[in-house]
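Following: one structure in structure tokens, then a few remarks.
Read the figures in this text as sums done on the coordinates, not as results from a lab. Predicted, not measured: the structure shown is a model, and the values here were computed from it. Cβ coordinates were reconstructed from backbone atoms using ideal geometry, including for glycine residues, and neighbour counts include every protein chain displayed.
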Amino acid sequence: MQQDRRKNKRTDLDSKLVIKRLDGNSGNEVTINITDISKEGVGFECNEPLQIGEVYEAYLTIWTKEVLHAFLQIVRIELKGGVYGYGAIFIGMPEMDSARIEVYQTVNEE
């Protein structure tokens, strides 16, 4: 069995995220499905090919229906069943927003 090396607990979140690239090519917004989220990053699935290392602007609708504005850097890509699976880390997320994710994980564990 493979050991989980993550520093923070991951939480599945049934949510959608709309992202766009920051390199000047605006208008390419796509909806993605969140598979897991922690205070440091997010895993998601998307039909569109994204670039590893690129930073994307994101609007994440969380369980309270609030929208968190975040920047994501793609750090992992895998193709599974015709859908791209991505791992991304949050870049410059305000402490208040990462605390909201952490609180949700704590409450969800109970």
Condition check: surrounded by fewer than 15 Cβ atoms within 10 Å (Cβ to Cβ), out of contact with any Ser or Thr (no Cβ under 7 Å at 6 or more places or on another chain), part of a loop (DSSP other than H, G, I, E, B) and not charged (D, E, K, R). Does THR64 satisfy that? yes
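Listed here are the residues, each with its yes/no results for (1) in contact with a helix residue (DSSP H, G or I) (Cβ under 7 Å, 6 or more places away or on another chain); (2) touching a residue at least 24 places away in the same chain (Cβ under 8 Å).
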| site | (1), (2) |
| --- | --- |
| GLU45 | no, yes |
| TRP63 | yes, yes |
| ILE74 | no, yes |
| GLY81 | no, no |
| ALA88 | no, yes |
| ILE101 | no, yes |
Counted residues in the stretch 38-57 being crowded, with 18+ Cβ neighbours inside 10 Å, in a loop (DSSP other than H, G, I, E, B) and more than 9 Å from the chain's Cα centre (by Cα) come to 2
